[in-house]
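Beneath this line is the structure, given in structure tokens, with notes to follow.
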Amino acid sequence: NPRVWDSDYSLGASVYQNEIQYTAYNQKSVGASLDVGKQLTRNLYGSVGYAFSENKATDANNSANPNALIDYGQFVFEPKDLNYAKGTLTVGLNYDTTDDFYVPREGFILGGSLGYVGLGGDQKFLDATARFGAYYGLEELIDYDLILRYKIRASALKDRGNIAIPEKLFMGGIGSVRGFQPYSITPFSGPDDNRTLLGGTQRLINTVEASIPLSEAAKMRLAFFYDYGMIGRSSTGLDELTREGYGVALEWFSPMGPINLVFARARNPESYDRTASFEFTMGQKF
């Protein structure tokens, strides 16, 4: 419920259970969350929430053996790397001056959150994120509905005892560096054909976009984009791995909600990188 009794407070709760069948393993997750927020000023919103989840994985080819290695594309896991429980207390602030939720033409968004992982479960770490987005429409200057966008997102993890591999930081895909498969870029050790996954603890993503109208009647726009990302560990630095991607996205405000069709290319990928030329999302703001 976005508003509780038409007040400045909001309340959200969820309970879920899902099972995803990957090529090499099956992942089952069960969890619940509770969030409370408040509109502090016209543009400032604060929230606090708690979430708990249990995650279990089995080898799709040999599920009877709990010690069987899981070959996930370019990395190899042990099942214990994917079996864990996590309880997280998160506080967040968001300052938003944009003029539209889905297609802003002016204003900026500045937000951040801090998650304390360790209130339940076997994971113990801090999870900090910060984000900034600026939007500038040029229609009044050039008599054309061109929108310039700049977005930057930073993430950092602080180990307090245990961080499971899936909780580490990755890059790739929508919301990250487009042109690469989702979650395919992260620090590793060993040769390209037999790599040990390390995972990142620091990440920075920059995005520049130019959005133009395609069809006002169909509520479609085209956005040309360039993404640049860095990921690393505290011991090696933020720029341990850097990747770039560029392309064009079809932004369609359909009757079912916003749909984003992304056609991307990776710039100078490594031989072992897994690239992706097409992705799509539904329900996310542009």
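What follows is calculated from the coordinates using simple rules that are stated; it is not laboratory data. Note that this is a predicted model, so its numbers are computed, not measured. When we count neighbours, we look across all protein chains shown, and the Cβ atoms used for this are built from the backbone with ideal geometry, even at glycine.
One table, with the values for the structure above:
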{"item": "Residue order, fewest to most beta carbons within 10 Å, for Phe170, Phe108", "result": "Phe108, Phe170"}
{"item": "The range 109-121 - phi-based ³J(HN,Hα) in whole Hz, Karplus 6.51/-1.76/1.60, Gly and Pro as x", "result": "10, 10, x, x, 8, 9, x, 9, 9, x, 8, x, x"}
{"item": "J(HN,Hα) series, the range 143-148, from Karplus relation 6.51 cos²θ - 1.76 cosθ + 1.60, nearest Hz, glycine and proline x", "result": "6, 8, 7, 8, 10, 9"}
{"item": "Amide H within-cut-off set for Gly172, under 5 Å, with H built and near neighbours excluded", "result": "Val177, Tyr183"}
{"item": "Cα gyration tensor of the chain - equivalent ellipsoid semi-axes, whole Å, descending", "result": "33, 26, 18"}
{"item": "Under 16 Å from Lys158, Cα to Cα: lysines that are on another chain or at least 8 residues apart", "result": "Lys86, Lys124, Lys168"}
{"item": "Footprinting exposure proxy for Met171, Met230 (fewest neighbouring C-beta atoms within 10 Å first)", "result": "Met230, Met171"}
{"item": "Residue of Val103, Val15, Val262 that the Gaussian network model of the chain assigns the largest fluctuation, springs spanning Cα pairs under 10 Å", "result": "Val15"}
{"item": "Positive-end residue, the chain charge dipole about Cα centroid, Cβ charges, pick of Ile185, Gly37, Ile163", "result": "Ile163"}
{"item": "Assigned charges on the beta-carbon of Lys, Arg, Asp, Glu; the range 168-286 dipole about Cα centre (debye)", "result": "240"}
{"item": "Percent of Cα-Cα distances greater than 25 Å, calculated over the range 168-286", "result": "29"}
{"item": "Sites Thr275 and Ala218, calculated FRET efficiency, Cβ-Cβ separation with R0 30 Å, nearest 0.05", "result": "0.50"}
{"item": "Part-to-part distance (alpha-carbon centres) for the range 146-215 and the range 265-281, which is given in Å", "result": "13"}
{"item": "Derived scalar couplings ³J(HN,Hα) [the range 36-42; Karplus, 6.51 cos²θ - 1.76 cosθ + 1.60; whole Hz; x for Gly, Pro]", "result": "10, x, 8, 7, 6, 9, 4"}
{"item": "Largest to smallest principal axis extent of the C-alpha atoms in the range 96-166, angstrom", "result": "57, 18, 15"}
{"item": "For the range 82-155, size of Cβ-based charge dipole, Lys and Arg +1, Asp and Glu -1, in debye", "result": "640"}
{"item": "Farthest toward positive dipole pole in the chain [+1 Lys/Arg, -1 Asp/Glu at C-beta], among Leu110, Tyr9, Ala266", "result": "Tyr9"}
